[in-house]
Structure formats: C-alpha cells, structure tokens
Amino acid sequence: MFTFKRNQFQVEDVLVRDIVEKVGTPVYIYSKNRILDNFKLFDQAFNSLPHLICYALKANSNLSVARTLAVAGAGTDIVSGGELYRALASGFRAKKIVFSGVGKTKDEMRYALRAGILMFNVESSEELNVLNEVAGVMKKKARVAIRVNPNVEADTHHHITTGKQENKFGIHKNTLLDVYKNAKKLHNIELHGLQAHIGSQITSVKPYVELLTILLDFIDKLAKQGIVLKTLDIGGGLGITYDKEVPPTPQDLALALTPLLRERPLTLLFEPGRFMVGNSGILVTQVLYRKEAGEKTFVIVDAAMNDLARPALYDAYHEITPLVQDRRAQRVVDVVGPICESGDYFARQRKIPFPKCGEYLAILSAGAYGFAMSSQYNSRPRVAEVMADGKYWKIIRKRESLKDLIRGEK
Ligand code: LLP
C-alpha cells in the first residue's frame, strides 16, 4: 500500500506529495486497506479455532483507525479509562473489550463494569480484591482472566519485553494456582480465562510455542482443581519488518499453535497492536536544512522525537525515503529533528539519497506507537493524521494549533 509508482511515492492510489502539499508537514498518513488486510490475515489464519482478535488500542488509538478495525469485527485490548472511552466512541462492542494493565483505578473498574466489557485481565491479588469489592457495590459480576508472568524470553528490546520474572507484569508462576483458588471464593468475580503477554516486536514463533505450552499446562492444572476456563489470551507482540527482520506471518503462528489447541473447548484471544498498524502508516517530514560538521552531515527535518519517539527511546530503526525515486547520489547522514536534545534523531550514519532543502522525506513503518506516543514537548503542536482509502483520503485528526498548546492552563 506504500509503493513507488512511476518513481513517485504513493499511499494506496494517492500521491503522498498531493496530501502533503495540502495538509503540510509533519503528517502521519495511514492506509486503511493495509490495516484491513492485516486484520484479515490474522483473523483468517486462526479460522479453524474459536478466536477473537482484540486490537491493542495503545498502538494507534485514532478514532478512524480504531473504527476501521471495529467495523471489520475486531475487539480491542485497552489499558485505561481513556482508552475505554476511545474504544466505545469508535464503535467496539463492549463484549469484545478486554482491559489490561497493572494499575487499574476503582474509577476505571466502575466505568468498565458499567460498560459491560468482556473481561478484566487482572495482574495482582490486591487488584482482584478491589475489583471484587467494586463489582459488589455495583451488584455486578466482573469477568476475569488472570495474567501470569510465564518467565518466557521474548528475545526483543529490553524495554518491550514483559514476560520475564523481573518485569512488573502478571502474577508469578508459583503463586498462580493459589490466586485462582482464592479468586474462586470471591462472590463478584467470574473466572473466565488465563492471559499472558510476553513482549513486543517478537520475530520468531518459538516464544509463543513455549508460552502456549506453559499456559495449557496451567489450564489442565486448574481444571483438576475444578476451575474450568473459557478463554486463553496469549497477548500481542507479533513483530513486523522495520529493517531486515523476517517475522513469522500469522499463518506461521497458526501452523505452530493450532495443533496444540485442537480438541480444547477454549476461545483463543490475541492482542496484536503493532502487526495491525505498524506497516500501515508513515510519517512525512520536510527537510529544513543540511549541515556539514567535520566528518558528519546532518539533515535537519521538521519532525522530531516528540512526533515519533521510537528512535530516541529504543534506538529503533525506521526506513527513510524521499518521495521521488531518481538516480541522485547517496550519502551517509544523520537525520535529526529541531528539538534541543541530542537524542532527537530518526537515523544515525544512514546511507540515503541525499535530500534537497525543502524536500519531503517519508519515515516508514510509523503507524504503531508513533502518533500514540507523541507529545507537545518543546511546545510543538501535535501533527495532523490522514487516512487514505483507494484514491481518496481525508484528515482524521486536525493539526493542533498554538491555542491547543495552552488549553486548560492558567
Ligand atoms: N497486550 C498487552 C498487554 C500489551 O502490553 C501490549 C503492548 C500489547 C498487547 C500489544 O503489543 P504489540 O502487538 O503491539 O507488540 N512502545 C513500544 C511498544 C510497547 C508495547 C507495550 N505493550 C514500541 O514502540 O516498540
């Protein structure tokens, strides 16, 4: 959906340049059909099993992006009251919403119980007791999956691995059975499932097989104690290609996992975020200046780490390309933003076609954890977002104004 046609970079059937000339830069541009294709790929891969894909809203929570997935039939995985608000506003059915996170507040629990969500993924005994109490006051039953920390190595960046003992997530393997036994005694808790999420940008099926084996063992142990669960949620984490990674496809994942699940009366849940939207979005920026400094050449652009934080935060790789393909010389450059921090960069010592002043550059694979993690740091209004659909496109979030910067302040 993002390709060069006649040497011009396009999103679906639209010239990226046309969008940028009307909307300005920086701007995020998404491909609606790539999002839909990603969803279908995942959904169809697991067709032979009862399953529900709960898109991890944190990856990109724009209303139009979320609505695209909601209409396609996805559920969603949320992590805050704010995300619940967005999920409902974009049309996800409450019965397809799961609520994750280590620190849900009572207010958030009440909001989710009122909305009638499918399930809370509970991460501690104390949280379970509070949820029981809150549900009791509301005369409701909270459906619950307990998140286990399976101590599985996801083999990814240490900031985005979540299933190791030293991470704050989930309940320790050794205490899980006791937590379920105690939970069974709580009157306002309905034990529904088991959940785990081991990390993000996972590029092999191995950790998933290891995880599923551990989880099924728990399911069997629990069944022996009379606790029969209906859902098994293996989280998100499936990686995408940013550079040269070759992650498994959903089909590969299905081939590895489905044999373990046959004959089991379980609904399988997934919480993919990055896979759905990562390669469905780009960030387009304009070159402001070029600067030679001794050995180095800097290309200074109008986007910055506040707009796309991944390189600064995780040293993440995002491919960068001009919007035209030609035979110009390549040069090794640092692509940097205007923010007053050395960490404000998009590429270091990267060989790219040397751009002109005023030229546009597309930063690829920016659809996940791009706009969603953006801020107004350095008092930079947040950028516009656009969605393309075939030969049409529209603004799905207005560029913020200077007034937006001080909204609510005194
Ligand atoms: N479920 C849970 C409970 C999660 O914590 C996450 C992501 C997901 C699902 C979705 O994971 P995904 O399929 O997107 O890998 N900001 C980082 C990624 C942080 C992921 C946090 N949790 C980045 O830009 O790489």
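Can you give the log10 of the normalised intensity I(q)/I(0) at q = 0.10, 0.12, 0.19 Å⁻¹, computed with Debye over equal Cα scatterers of region 33-114?
-0.24, -0.34, -0.78
Expressed in nm to one decimal, what extension gain is obtained for the pair Q349 and Y85 from 0.36 nm per residue of sequence separation less their Cα-Cα distance?
Here the segment from Q349 to Y85 would lengthen by 90.8 nm.
Angle, helix 125-137 long axis vs. longest principal axis of the chain, Cα atoms, 0 to 90°, nearest 10?
Value to nearest ten degrees: 80.
Checking the a/c ratio against 1.5 first, then a/b against b/c, what shape does the Cα gyration tensor give for the chain?
Judged from the Cα gyration tensor, the chain comes out prolate (a/c at least 1.5, a/b above b/c).
Quote the relative contact order of region 1-138 in percent (integer), defining contacts as alpha-carbon pairs under 8 Å separated by 6+ residues.
About 15 percent, as a whole number.
What percent does the relative contact order of the chain come to when contacts are Cα pairs within less than 8 Å and at least six residues apart?
Relative contact order of the chain: 20 percent.
With a cap of 14 neighbouring Cβ atoms within 10 Å, and only residues DSSP puts in a loop, list the trypsin sites (Lys or Arg not before Pro) found in region 115-220.
K139, K168, K185
List residues of region 197-231, by number, whose backbone nitrogen lies under 13 Å from a label position 7 Å along Cα→C-beta of L313.
200-201
Which GluC sites (Glu not before Pro) does region 292-341 hold that lie in a coil by DSSP with at most 15 other beta carbons within 10 Å?
E295, E341
Mean residue ellipticity at 222 nm from the helices of the chain, using -39,500 (n - 2.57) per DSSP H segment of n ≥ 4 over the full residue count, to the nearest 500 deg cm²/dmol?
-8500 deg cm²/dmol
Long-range amide H contacts for L52: which residues qualify at under 5 Å (H placed 1.01 Å from N, peptide plane, sequence gap of 5 or more or a different chain)?
For L52, whose amide H was placed from the backbone, the distant partners under 5 Å are L268, L269, F270.
Note the direction-averaged projected area, equal to a quarter of the hull surface, for the Cα convex hull of region 151-302, in nm².
13.2
Hey, could you grab the Kirkwood Rh for region 32-274? Inverse mean 1/r over distinct alpha carbon pairs, Å, one decimal.
18.0
Multiply the residue separation of D178 and C340 by 0.36 nm, subtract the distance between their alpha-carbon atoms, and state the gained length in nm to one decimal.
In short, 53.2 nm is gained.
Mind checking region 162-219 for GluC sites (Glu not before Pro) that DSSP puts in a loop (not H, G, I, E or B) and that have at most 10 other Cβ atoms within 10 Å?
Hits after loop and neighbour filter: E166.
Give the order of D18, D217, D233, D43 when sorted by the count of other beta carbons within 10 angstrom, beginning with the fewest.
D217, D18, D43, D233
Read the figures in this text as sums done on the coordinates, not as results from a lab. Remember, predicted model here, so these are calculated numbers, not experimental data. Every residue, glycine as well, gets a Cβ built from its backbone with ideal geometry; the counts of neighbours run over all protein chains shown.
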